[in-house]
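Reading through the C-alpha cells given below for one structure.
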Amino acid sequence: MSDALNYLIAVRGDALGHYFKFLKDTGKHLDPKTRDLISVITKVHSQTEAGFKQYLMRALRDGCTPMEIVDALLMAFPALGLAKIVWATDILLEMGIPEFSPELIAAAPQWRDVMAVADLADGEVQRVECSTRTVFVYRAGEAYQVYDSHCPHQVTNIPHLALEGLTLTCPKHHWKFDIRTGACIEKGEHPMKTFENRVEDGRLLALW
C-alpha cells in the first residue's frame, strides 16, 4: 500500500477497517484466480500502473496463465476499450515477462537444453542465456537448481553481478535470495521461480 494509506490506517483504522473488510467479503465466494483476474481488469480500467503490476504478479503466482490474463482483458473489451487494453499490453511488454513472449505464451512445457554439466563445478552458480529465457543454475554435487532470473516481486531481470557468494540480490528493491534453495531471505516473501530439471547425455535440461 501507499504511504498515504498506511498513514490513514494508522490514525483511522477504526473507520477504514470496515472498508477493507467489505472488500475482503465481496470476493469470499470467488476462487483466487477469478479474484485476481477481476483485480487486474479494475487496475487496467483505472490505468493504475503500480496496481496493475502488483495484481498481475499476484495472478501469476496464484496460477493464472498468461493466456488467461490476456483473455480476461479482451473479454473486458466492452468496459475497457481498445486504448486501455493497449496501455496494459505496453506495460506487459516493457516488463519483459518471458511467459508472455509469443514463443512461450501458447506453448506446452517442454524440456529445453540449458548447458553442459561439465561447465558447472560443484558449488558453482552460473547465469545462462537460453533461447527463450535467462536462468541461474546452481550445482550441489550431482543435484542442480534452475531458477528464472526474473525477481518474483516485479520481474526485474537480475544480472549476474547481483550474485555475492550464494546470495542473489535484486538491484531494484533489494530482495535477497538463497541461491541454494531459491528462498527469499530478506525484504520480500516470495521465492524464486524454480524449474524441474534432469541430466541427459551430459547436458542439463529444464522444463518450461
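Miscellaneous remarks
- Members of region 97-152 found to be of a type in the set (Lys, Arg) and modelled with pLDDT of 95 or more, listed by number: Arg112, Arg127, Arg139
- Verdict on Glu186 being out of contact with any helix residue (DSSP H, G or I) (no Cβ under 8 Å at 6 or more places or on another chain) and at pLDDT below 95: yes
- Single residue of region 60-100 satisfying the filter (among the small types (Gly, Ala, Ser) and touching a helix residue (DSSP H, G or I) at 6+ places or on another chain (Cβ under 9 Å)) that is nearest to Ser149 (Cα to Cα): Gly63
A quick yes/no check of all residues on (1) in contact with an Asp or Glu (Cβ under 9 Å, 6 or more places away or on another chain); (2) touching a residue at least 60 places away in the same chain (Cβ under 8 Å):
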position: Gly51; (1), (2): no, no
position: Leu56; (1), (2): yes, no
position: Lys84; (1), (2): no, no
position: Gly96; (1), (2): no, yes
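- Scanning region 117-132 for residues that are surrounded by 12 or more Cβ atoms within 10 Å (Cβ to Cβ) and outside any helix (DSSP H, G or I) turns up Leu120, Val125, Gln126, Arg127, Val128, Cys130, Thr132.
- Test: Ala50 is at pLDDT 90 or above and out of contact with any helix residue (DSSP H, G or I) (no Cβ under 7 Å at 6 or more places or on another chain): yes
- Residue match in region 133-145 (condition: over 21 Å from the mean Cα position of the chain (by Cα), loosely packed, with under 12 Cβ neighbours inside 10 Å and outside any strand (DSSP E or B)): yes
- Pairs, first of a type outside the set (A, V, I, L, M, F, W, C) in region 28-39, second in a helix (DSSP H, G or I), C-beta under 6 Å, six or more apart: Asp36/Arg58; Asp36/Ala59; Ser39/Tyr55
- Which listed residue is touching a strand residue (DSSP E or B) at 6+ places or on another chain (Cβ under 7 Å), surrounded by fewer than 18 Cβ atoms within 10 Å (Cβ to Cβ), outside any strand (DSSP E or B) and not basic (Lys, Arg), from His173, His190: His190
- Leu161 falls short on exactly one of the conditions (1) assigned to a helix (DSSP H, G or I); (2) touching a Lys or Arg at 6+ places or on another chain (Cβ under 6 Å), and that condition is (2).
The values are calculated or read from the model by the stated rules, or taken from the named source; none is laboratory data. Not measured: the values here are computed from a predicted model. Cβ atoms come from the backbone with ideal geometry, glycine included; neighbour counts cover every protein chain shown.
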